[in-house]
């Protein structure tokens, strides 16, 4: 297969969960989830080049990240090339902005961006459905990261339904330095669910809020069943939430398995004051003010 472009630049958008619910455990051990996903304008940039030499090479602006098969973006390129019998060399440069291990799907989004970029480079041999089928073999969030926008995610994350675009607002991300293992969080959730009454999202009400563009109802209905679990492992989440509330946020929630907390604001002035506060704290490296992203 011959390329139609020698270089492609593509973007990997961060995501948040406006809701995250766990419905049960599947026979294969995966958790059955129901989530409302939203992509953000905060993004990584990936530049993909075709090389005359064979194989995949990768560089990254963040020296702490692997640039081999331990990186999802690298693996996505390798999988695409293997599937579509591409023998050219592929060189990827990742300019990293999305915080790592943050509950923002940064790695999955990078992989999705590589799949989109290499597909474009070689004249779109894969349909959207075929790209998603490839992506889900690498990670459950990748089909959503290919789709983007506002979506309902079900199953293990691979069943996606596009939703009405979430109302425009400002989104402040605050990430503690401490992290926690996603596997540990789900294990702890299973144990907690055996002994404690879990507060689940009212997904129907959130879907209704989206369909009517009701920002206040959306902000009031944010819910993530993993938040109390991660909060025990990363206590700073609670203090960040309290501070954001005092600073006038309309809605506050931990994204994914954490530890990033996001806050929604309808007023940019209020949002910038909250951002300025956190930029003066130890959370400054993980503080980002952004907005929702909707694909055109």
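Side notes on the structure shown:
Residues are listed down the side, and each one gets a yes or a no for (1) touching a helix residue (DSSP H, G or I) at 6+ places or on another chain (Cβ under 7 Å); (2) closer than 26 Å to residue 67 by Cα:
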site: 96; (1), (2): no, yes
site: 108; (1), (2): yes, yes
site: 111; (1), (2): yes, yes
site: 118; (1), (2): yes, yes
site: 143; (1), (2): yes, yes
site: 153; (1), (2): yes, no
site: 168; (1), (2): no, no
site: 175; (1), (2): yes, yes
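- Unmet requirement for residue 289, which otherwise passes all of (1) touching a residue at least 24 places away in the same chain (Cβ under 8 Å); (2) assigned to a helix (DSSP H, G or I); (3) surrounded by 14 or more Cβ atoms within 10 Å (Cβ to Cβ): (2)
Per-residue answers, yes or no, for (1) crowded, with 24+ Cβ neighbours inside 10 Å; (2) modelled with pLDDT under 95:
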| site | (1), (2) |
| --- | --- |
| 49 | no, no |
| 58 | no, no |
| 68 | no, no |
| 87 | no, yes |
| 99 | no, yes |
| 108 | yes, no |
| 119 | no, no |
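- Per-region count, the stretch 256-286, residues in contact with a strand residue (DSSP E or B) (Cβ under 6 Å, 6 or more places away or on another chain) and either assigned to a helix (DSSP H, G or I) or closer than 11 Å to residue 174 by Cα (or both): 11
- Some residue of the stretch 245-255 being part of a helix (DSSP H, G or I) and either surrounded by fewer than 19 Cβ atoms within 10 Å (Cβ to Cβ) or not assigned by TED's automatic domain parsing to the domain that holds residue 21 (or both): yes
- Selection count where residues are outside any loop (DSSP other than H, G, I, E, B), in contact (Cβ under 8 Å) with a residue 40 or more places away in the chain and within 27 Å of residue 240 (Cα to Cα), scope the stretch 154-192: 12
The values are calculated or read from the model by the stated rules, or taken from the named source; none is laboratory data. Since the model is a prediction, treat every value here as computed from it, not as a measurement. Every residue, glycine among them, receives a Cβ derived from its backbone with ideal geometry; neighbour counts consider all protein chains shown.
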